Structures are given as C-alpha cells and as structure tokens.
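Participant: If you scroll down you'll find the structure; I have some questions about it.
The values are calculated or read from the model by the stated rules, or taken from the named source; none is laboratory data. Note that the structure is a prediction, hence the values are computed from the model and not measured. Using ideal geometry, Cβ is built from the backbone for each residue, glycine included, and neighbour counts are taken over all protein chains shown. Accessible surface is based on the protein model in full, side chains and every heavy atom, while ligands, DNA and RNA are left aside. Shrake-Rupley method; radii C 1.70, N 1.55, O 1.52, S 1.80 Å.
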Amino acid sequence: MDATIETIVLLKGAVVGAWFLVWFALERFRPAAREWVQSPSQSSSVGAAATSEDDKRMGRFNRWFRNGALFAINTLLSPAIVIPISTVMAAYGPDWRPDWVGQAYGGWAGLALDILLLDLFIYVWHRANHVLPFLWRFHQVHHFDRHLDTTSAVRFHFGEVVLSAVTRGLYVGLLDIPLTSVLVFEAVVLLCSIFHHSNARLPAGVERALSMVIITPGIHWVHHHAVRKDTDSNYGTLFSFWDRVFGSRSKTARWAEMPIGLEGETVDKSLVGLLLAPIQRPR
Ligand SMILES: [Zn+2]
C-alpha cells in the first residue's frame, strides 16, 4: 500500500470513529424518536414495545449486538474481498480517462466530480436493491431493524457488501475513477450514513436547510418507514437531489412515533435469522 493510500485509510478510520461517537452520544442526549425495543418474549410473537426497564435494556443491547455482529463480519471480510476488488479495479481498469479530465478537473474539482459520479452510482445501486428480488433478499436485512440509530448505518448482510463491492468495482474501473477518490468517497458515505440513520434531534431550521442538499435523518427515516411505498423511495445517500431528479422522493414527513421496519413485519430477526434471510422466502 503506498503512503498516500495508507494515510487516507488511517485518517478515514479515525474521522469515522470520532464522528460515530459524536452522533451516538447526541442521539442518547437529544433523541428524536422513542426507542423501539424487542423484549425476549417477543422474539416469536406479535407484540407492542416492551415496557419494563430490564426488557428495554435487554432489547437495546440485543439490537446493538445484531448490528455490531453484522458490522464485525463485514469488517473481517473487507480486507479479504472489498479492498482488493476496489484496488484491482482502480489500478487495472481501462485507462481511458482523457488527460483533459485530469487537467480540467484535477485536485479538489476532480475529487468533487468523482464523488458526484459515485453518489449517482450508489443511488442507482440502492434503488436496484429494492427493485430486483435477488438483491432485495440481502438488502432487506438492513430494513428489518425496528428502530434506527448510528448502529443501523453499519447493519448490512455481508452478501450485499460483496455484491456492492463487485458492482462498484466494475463502475470504478469503467469510469477510470482513481483509488484515492474511492477511499475518500467511502469515508464520506460512512459519515453521511451515520448522520442520517442517527436518532439525534436536529433544530428544524437546520434540518430543512441541510435537506436541500444532503440526505438528513428526516429524509432517510422515511425510507425506513414500515410502509412499503415509503420504503421504496428516498434512495439517496449523500446528495438529496437524485431522488428529486429521478422522481423517487416520498412526500411523507417523518414524525416521532413513525413505525420503523418493514410492512407486515412486527419483530426483528435473530442474528442467525438475519444471516439466513437471503436464502429464505423474501418479503
Ligand atoms: Zn433501502
């Protein structure tokens, strides 16, 4: 790994880690929505939110355990699969990017162009995950979560992570996007994802202003609303204009008690259930 890449990777870990801690603390002190917790007795039956403090604590830690375990699997897989795919595609893809792109859009402008192109890619990829049944088998794992907070940002089935890495690797290779741009974009996506999944309450004016440009919790929580029409909308990750451009922006405004999850599902699955979800009947 060359020195620049190594520095970016280290910086990425430090910045994302610190950002996670900030929003994790904020959502505890200034939550926007009441936490939904699944008591142990609800694991196989329909029920309302748990009420006792012990049940709440247990439910919260169970949720964090599931999300954390999925993240740990992805973190272990990343050096083995995701990073090599990105590196190989960035290094050995067709070298067609004309010089004028490098000259006219070098430095920060070039990086901004690459981020725009990559954000368009993950908008289309995310939408495909909802539209194509095979991809939905994996992506539904992210949507089974019955509450959202910073830990939801890293809750993905490893199958989705691998499929996403392969597809994005092809896109990066075809468009000849440099590895430095890909790594910076990955960090930006994580920062955005932690922010828009968080349960921190923002001042209404700040949220409104930010939502003109980027995806805010108010926009993304609607994507997790347990109503299929809303689940199949608001696909953006970084910029909020793709949903407006491609007509996928929901008119629903988030409210504090909005049910989160998937329509027709009343409980989250166990960790094993989540890992096996892609080979079971999709909803
Ligand atoms: Zn989704």
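Participant: Tell me the accessible surface of residue 4 in square angstrom (1.4 angstrom probe, heavy atoms of protein chains only), to the nearest ten.
Facilitator: 80 Å²
Participant: Sticking with this structure for a sec: Could you name the aspartates and glutamates in cross-link range of residue 251, using Cα to Cα under 15 Å and dropping any fewer than eight places away on the same chain?
Facilitator: Reachable aspartates and glutamates: 230, 232, 243.
Participant: Also, I was wondering about something else. For the chain, find the longest principal axis of its Cα atoms and tell me its angle to the long axis of helix 107-131, 0 to 90°, nearest 10.
Facilitator: 40 degrees
Participant: Sorting 249, 244 by accessible area (1.4 Å probe), largest first, what list results? Working shown, then result.
Facilitator: On the way: 249 85, 244 115 Å².
Largest accessible area first, the residues go 244, 249.
Participant: Note the angle between two axes, namely the Cα long axis of helix 179-197 and the longest principal axis of the Cα atoms of the chain, as a number of degrees from 0 to 90, rounded to the nearest 10.
Facilitator: Helix 179-197 sits roughly 20 degrees off the main axis of the chain.
Participant: Picking from 59, 24, 279, whose Cα lies most toward the positive end of the charge dipole for the chain (charges on Cβ: Lys, Arg +1; Asp, Glu -1)?
Facilitator: 59
Participant: Sort 136, 255 by heavy-atom solvent-accessible area, probe 1.4 angstrom, most to least.
Facilitator: Numbers: 136 10, 255 120 Å².
I get 255, 136, largest accessible area first.
Participant: If you place +1 on the Cβ of every Lys and Arg, -1 on the Cβ of every Asp and Glu, and leave all else neutral, what size is the dipole of the chain about its Cα centre, to the nearest 20 Debye?
Facilitator: Numbers: 26 positive and 24 negative charges, 169 e Å.
Charge dipole, the chain, about its Cα centre: 800 debye, nearest 20.
Participant: Another question about this same structure. Can you give me the P(r) profile for segment 142-283? Cα pairs, bins 10 angstrom wide beginning at 0, each as a whole percent.
Facilitator: Binned Cα distances yield the sequence 11, 36, 37, 16, 1.
Participant: Could you pull out the GluC sites (Glu not before Pro) across segment 190-270 that fall in loop regions by DSSP (anything but H, G, I, E, B) with no more than 13 other Cβ atoms inside 10 Å? It would help to have the intermediate numbers written out before the result.
Facilitator: Values: sites: 207, 257, 263, 265; in loops: 257, 263, 265.
Those satisfying the criteria are 257.
Participant: A follow-up question, please. Tell me the Kirkwood radius of segment 123-187: reciprocal of the mean inverse pair distance over distinct alpha-carbon atoms, in Å. Present the calculation step by step, with values, prior to reporting the outcome.
Facilitator: Details: mean 1/r = 0.0764 Å⁻¹.
After inverting the mean inverse Cα-Cα distance, the result is 13.1 Å.
Participant: Here's something else I'd like to know. With a 1.4 Å probe and all protein chains kept in place, how do 12, 251 rank by accessible area, largest first?
Facilitator: 251, 12
Participant: Rolling a 1.4 angstrom probe over the protein heavy atoms, how many square angstrom per residue are accessible across the chain? Please report the intermediate quantities before stating the final value.
Facilitator: Working: 13950 Å² over 283 residues.
Solvent-accessible surface per residue comes out at 49 Å².
Participant: Turning to a different aspect of this structure: Taking every pair of distinct Cα atoms and averaging 1/r, then inverting, what Kirkwood hydrodynamic radius in Å comes out for segment 236-283? Can you show the working numbers first?
Facilitator: Values: mean 1/r = 0.0713 Å⁻¹.
Hydrodynamic radius (Kirkwood, Cα pairs) of segment 236-283 is 14.0 Å.
Participant: To the nearest µm²/s, what D does Stokes-Einstein give for segment 196-259 at 10 °C and 1.306 mPa s, using the Kirkwood radius over alpha carbon pairs as Rh? Write down the numbers at each step before the final one.
Facilitator: Values: Rh = 11.7 Å.
My calculation gives 136 µm²/s for D.
Participant: When Rg is the radius of gyration of the Cα atoms in the chain and Rh is its Kirkwood radius, what does Rg/Rh come to? Present the calculation step by step, with values, prior to reporting the outcome.
Facilitator: Values: Rg = 19.2 Å, Rh = 19.8 Å.
Here Rg/Rh amounts to 0.97.
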